[in-house]
Amino acid sequence: MIIGVTGIAGSGKSTLKKILEKYDYIVFDVDDFVKDIYKKRVYKKIREQIAKLFPECTKTTSKRVFINKKCIKNIIFNDQNRRKDLENIIHPIVIKKIKKIVKKYSKKSQNKKVFIIVPLLYEANLEYLFDEVWLVYVPIYMAVDRLVNRDKIPYELALSIINSQQPQTIKAKKANKIIINDSTIQELEKQIINLL
């Protein structure tokens with residue numbers, strides 16, 4: 001069974017990932033893959049496209065292209081057009097990777113659950129790829145606080161990031177399972193165990 005996991009920024013998807021891995025589940029996190037795009041040699045051409053789009057956030061040497069993701073974050077969550085331009089570069093390769101993982105595990109994992117964490121699952125209309133979708137739901141104020149503390153960003157930017165995503169109320173109507181992450185890690189783990 002292939003399960004898509006989604007939730008707004010700061011909802012606790014990474015914590016859920018750690019809990020699932022603790023119980024030996026296979027978990028693929030799209031955010032980790034996107035980090036690889038910014039680092040690994042194999043994605044050099046993608047980085048070059050991003051560098052052209054955000055020259056003010058890029059430093060290029062003869063050997064490497066260095067991209068300041070914090071700089072990009074500040075731009076894209078204040079300029080919807082530039083965010084769409086970035087998504088047009090990154091989303092196709094991310095969707096291709098997700099489809100590859102779904103194909104790889106859909107036959108192998110009939111008796112075992114495999115999880116793919118996709119922050120923008122509904123925004124990218126990818127729900128059709130999964131047997132089930134789980135939503136990690138969190139009060140907005142908690143998500144904002146987590147982003148401010150975790151990413152060391154201003155409150156306004158954290159709120160812009162969350163507001164750029166589909167509202168949780170809409171996601172909740174579509175999700176097969178909802179995990180409320182408004183308490184402790186132990187409470188979150190209990191909910192996850194009950195769903196497994």
Q) Which FRET efficiency value, to the nearest 0.05, is calculated for Glu48 and Ser164 with the Förster distance at 22 angstrom and r the Cβ-Cβ distance? A) 0.30
Q: Figure the gain on full extension for Asn149 and Glu21 (residue separation times 0.36 nm, minus the Cα-Cα span) and round it to one decimal in nm.
A: 43.7 nm
Q: Answer with a single label: of (i) 24; (ii) 15; (iii) 19, which was calculated as percent of Cα pairs over 31 Å apart from the structure in view?
A: (iii)
Q) Relative to the longest principal axis of the chain, what angle (0 to 90°, nearest 10) does the C-alpha long axis of helix 80-108 take? A) 40
Q. Which is the longest run of the chain containing none of the trypsin sites (Lys or Arg not before Pro) found in DSSP loop states (not H, G, I, E, B) with at most 15 other C-beta atoms within 10 Å?
A. 65-111
Q | Loop sites in segment 102-135: GluC sites (Glu not before Pro), DSSP, at most 16 other Cβ within 10 Å | A | Glu123
Q) So what's the angle, to the nearest 10 degrees on a 0 to 90 scale, between helix 13-22 and the longest Cα principal axis of the chain? A) 60
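Read-outs: derived from the displayed coordinates by stated rules, not from any lab. Keep in mind it's a predicted model, so treat the numbers as computed, not measured. Neighbour counts run over all protein chains shown; Cβ positions are idealised from the backbone, glycine included.
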